[in-house]
Every structure is written in structure tokens, then in C-alpha cells.
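Participant: Take this structure first; my questions come after.
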Amino acid sequence: MPKVAQSFSSKLRWWIAFYNIKEVFTTDGTVVYCNVCFKHVGSDRKSQIDAHSSHIASLQRNKISKQQLLTNLSSTKDSYFQDMCSAFIRADIPLSKLNCDAFRQFLEKYTGKKTPNESTLRKTYLPDAFNDIMKRIALELKGKYFYIVVDETTDSPGCYIANLLIGELNLNASTKPFINDNLKRLFEEYRFEDKLLLMTSDAAPYMVKAFKFLQIFYSNIIHVTCIVHGLNRIAEKVRELSPAEVEVYRSIMNARLPPNPVVTRWGTWLQAAIFYSDNFIKFKVVVQNLEEDAASVTKVKALLSETAIVKELAFIESYIESLPDIMEALEIRGMTLKDQLEKLSFVEEKLEIVPGKEGKVL
């Protein structure tokens with residue numbers, strides 16, 4: 001009887017079975033994921049799995065060595081320093097504030113204790129505070145259904161980072177969010193793959209792609225895009241249709257005149273547009289009376305003389321004036337689905353009456 005060819009998925013499961021004493025590897029039949037390193041492993045050949053297993057063994061030896069070192073260090077740690085570090089984190093006070101001499105002297109005067117350096121807390125005590133919070137979050141969500149909200153932002157050096165907001169799905173109480181950057185790292189030995197039900201993010205292509213990747217490991221997850229982000233995209237489309245208005249705002253921002261739109265806050269440029277629509281004549285008089293010959297003033301004067309500016313501001317105020325308030329309302333936690341749908345229906349009705357090509361685009 002001829003041999004039956006073994007499927008690729010069967011091969012993968014056979015290759016990883018030897019190492020899965022504590023479920024080191026998982027697979028969906030097409031890719032292999034390492035639960036120790038939290039990343040994909042090359043799986044075209046069995047030798048790739050074997051090589052990565054050697055790497056894992058090395059990591060575990062280093063981990064044991066570090067744990068022994070940390071155990072020795074923990075016995076000499078100051079509980080006052082640890083409590084101070086935790087208190088600063090919970091109060092959202094930067095540890096760098098300890099570098100202020102006046103603040104250090106104040107603490108030492110009224111506590112009678114030595115105040116640690118910022119670097120001491122950051123290097124020695126911050127990891128323990130972080131791990132305590134992670135354990136608390138994991139325990140609170142253990143065995144419960146939960147959701148995640150993913151968003152991309154930048155840190156102080158300008159590097160892109162992804163924030164992950166995690167909360168319990170509870171019909172009887174408002175959800176309490178937690179920020180974390182790695183689900184696997186958060187839950188460690190707890191099984192949670194079937195408890196993750198919902199992911200919310202913006203509609204960016206890379207977020208949609210990320211969701212498709214997550215579906216491999218979390219079979220019950222569904223993806224919902226952020227409503228407020230969608231409304232902001234409508235507002236941005238209006239700005240694209242109003243090039244003259246954009247130039248005015250750029251000039252105004254350079255001239256440091258209020259209100260100043262904030263790039264990272266949705267709808268703030270709309271609020272600025274509505275303000276200048278209401279006060280356009282007065283603002284124009286003020287600018288025309290400026291005697292400065294600065295390039296920014298000259299440019300603003302020239303732009304304010306264009307009739308297109310008035311028309312575009314009037315268009316914004318007439319048809320999408322309500323968008324900033326609705327976007328802000330939808331960001332409030334605890335709003336019922338009925339109220340959310342009513343607000344979206346109101347926006348839809350407003351957009352349907354927008355005339356011309358702008359109405360078709362919106």
C-alpha cells in the first residue's frame with residue numbers, strides 16, 4: 001500500500017510536539033509562533049525549529065541567572081524607595097522631579113528619610129512597580145472576556161509606538177482600561193486566547209492588516225473601527241476641499257493668533273474655522289490695521305482679501321458645525337448604543353443635505 005503524503009500542518013505539529021512540554025510553540029497549521037520570544041519562527045524546515053529551541057534554552061538560562069541576581073538585590077531594597085516609586089507612577093509624577101533640589105529638601109525635611117536619586121528608582125525600583133501593576137491587571141481580567149483598543153502614537157524622541165488599551169467586557173458596569181504593550185507578556189501562563197472578543201482601532205490599512213494577523217491566534221475576536229476617527233476623516237476631507245482656508249490657518253498659526261488648531265486633537269481646526277467664520281470681519285479689520293511689514297502679516301492680509309475664504313468658512317459653519325461637539329460626545333465613556341446611533345444619524349442627515357460636488361465626496 002503506497003504511503004500517504006503528510007500535510008504541511010501535520011508536519012508542523014509533529015516538529016513542535018517534542019518541545020511543547022510547557023507549550024513553547026503554537027501553530028495554526030501555516031505558521032509557528034514562539035510563546036517565549038513572542039514572535040514568528042521560521043518553519044520551512046525542522047532544523048529551523050531545532051535552532052530556535054537552542055536559542056530558547058539559552059534565554060531561559062540567562063533568565064534564571066538574572067532572577068537569582070534580582071533575588072539577591074531585592075533583599076537589600078528599601079521599602080520607602082519602592083513605595084515612593086509606586087506613588088509617583090500612580091500620581092503620574094515624572095521621576096525626574098526628584099532632581100529638583102527644593103523638592104528633595106522638602107521631602108527629606110518632613111519625612112526624615114533620605115530621598116533617592118531619579119536613576120536609582122528608575123533602574124532598581126521601577127521594574128518591580130511595573131511587574132506589580134501587570135500582575136494586578138492580569139488577575140483582574142483572569143477568566144473574564146475583554147476587549148482591546150489599539151492606537152499608534154509617538155514617544156518623546158519621535159519613535160512610533162503602539163498603545164494597547166485593555167478592559168473587561170461587562171454589561172453591568174463601566175469598563176476600566178489598562179495600558180499595556182504586549183498581551184502575551186501581560187498574561188504569561190494564563191490561557192486567554194478564547195477570552196479576547198473585541199478589537200477597536202482606527203481604519204488605517206496597517207491596523208486592518210494587524211487584525212487579520214491576530215485572527216490567527218484569537219479565533220473569537222472581531223474588529224470595530226473607531227466612530228470618532230471616521231468623523232475626523234470626514235472633517236479632514238472638508239479641509240482638503242478648502243485649500244484657501246488652509247493657507248489662512250497656517251498663516252494665523254505662524255502669527256500666534258488664537259485659536260490654535262492642535263494636530264493631535266481631532267476637530268480643533270474645525271473649532272478654529274467656526275470661530276473665524278463668526279468673527280471674520282472683526283478679525284480682518286484687526287489684521288488690516290497691523291503696520292508690521294513681516295512676511296506673515298503681508299501673506300495673511302492678501303489671503304483675507306480673497307472671497308473664497310468667506311465662502312469656505314460659511315460652508316463649514318453651515319454644514320459641519322456640529323462635528324466637533326459630536327466627536328467630543330462620542331469620546332465620553334458610558335454612552336449607550338442608542339445615544340451613539342442617534343448622534344451618527346444626525347451627522348448622516350446633515351451630510352445628506354450638503355450640495356454640489358462637496359456633498360458627493362462627503
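The values are calculated or read from the model by the stated rules, or taken from the named source; none is laboratory data. The model shown is predicted, which means the values in this text are computed figures rather than measured ones. Reconstructed Cβ throughout: ideal geometry from the backbone, glycine too, with neighbour counts over all protein chains shown.
Participant: Among the strands (runs of 3 or more DSSP E) confined wholly to the stretch 97-199, which include 1 or more residues that are at pLDDT 75 or above? Full working, then the answer.
Facilitator: Details: elements: 146-154, 160-168, 178-180.
Ranges flagged: 146-154, 160-168.
Participant: Does Leu107 qualify as being over 26 Å from the mean Cα position of the chain (by Cα), among the aliphatic types (A, V, I, L, M) and assigned by TED's automatic domain parsing to the domain that holds Ser86?
Facilitator: Working: over 26 Å from the mean Cα position of the chain (by Cα): yes; among the aliphatic types (A, V, I, L, M): yes; assigned by TED's automatic domain parsing to the domain that holds Ser86: yes.
Yes; evaluated as a whole, the condition is true for this residue.
Participant: In the stretch 325-357, how many residues are closer than 16 Å to Arg233 by Cβ and modelled with pLDDT under 75? Explain how you work it out, then say what you get.
Facilitator: Keep residues of the stretch 325-357 that are closer than 16 Å to Arg233 by Cβ, which gives 326-327, 330-331, 344, 347-348, 350-351, 354.
Cutting the leftovers down to modelled with pLDDT under 75 gives us 331.
Of the residues in the stretch 325-357, 1 are closer than 16 Å to Arg233 by Cβ and modelled with pLDDT under 75.
Participant: Determine the pairs where a residue that is touching a residue at least 24 places away in the same chain (Cβ under 8 Å), located within the stretch 313-339, has a partner that is among the basic types (Lys, Arg) and in a helix (DSSP H, G or I) with Cβ atoms under 8 Å apart, the partner being 6 or more residues away or on another chain.
Facilitator: These pairs meet every condition: Tyr319/Lys350; Ile320/Lys350; Ser322/Lys350; Ile326/Lys343; Leu330/Lys343.
Participant: Also: List, please: which pairs have Cβ atoms under 8 Å, are six or more places apart or on different chains, and start with a residue in the stretch 205-228 that is without any contact (Cβ under 8 Å) to a residue 12 or more places away in the chain and more than 13 Å from Asp151 (Cα to Cα) and end with one that is of a type in the set (A, V, I, L, M) and surrounded by 14 or more Cβ atoms within 10 Å (Cβ to Cβ)?
Facilitator: Note: pairs meeting the criteria are Gln215/Ile221.
Participant: Further question on the same structure: Counting residues that are modelled with pLDDT of 75 or more, which helices (runs of 4 or more DSSP H) fully inside the stretch 240-323 reach at least 1? First the steps, then the outcome.
Facilitator: Working: elements: 243-254, 268-278, 280-288, 295-304, 307-319.
Fully inside the stretch 240-323 and qualifying: 268-278, 280-288, 295-304, 307-319.
Participant: Spot the failing condition for Ala51; the list is (1) at pLDDT 75 or above; (2) in a loop (DSSP other than H, G, I, E, B); (3) not hydroxyl-bearing (Ser, Thr, Tyr), and only one is missed.
Facilitator: It fails just one condition, (2).
Participant: On the given criteria, is Ala295 surrounded by 10 or more Cβ atoms within 10 Å (Cβ to Cβ) and in contact (Cβ under 8 Å) with a residue 40 or more places away in the chain? If you could, list the steps in order and put the result at the bottom.
Facilitator: Working: surrounded by 10 or more Cβ atoms within 10 Å (Cβ to Cβ): yes; in contact (Cβ under 8 Å) with a residue 40 or more places away in the chain: no.
Here the answer is no, as Ala295 does not meet what is asked.
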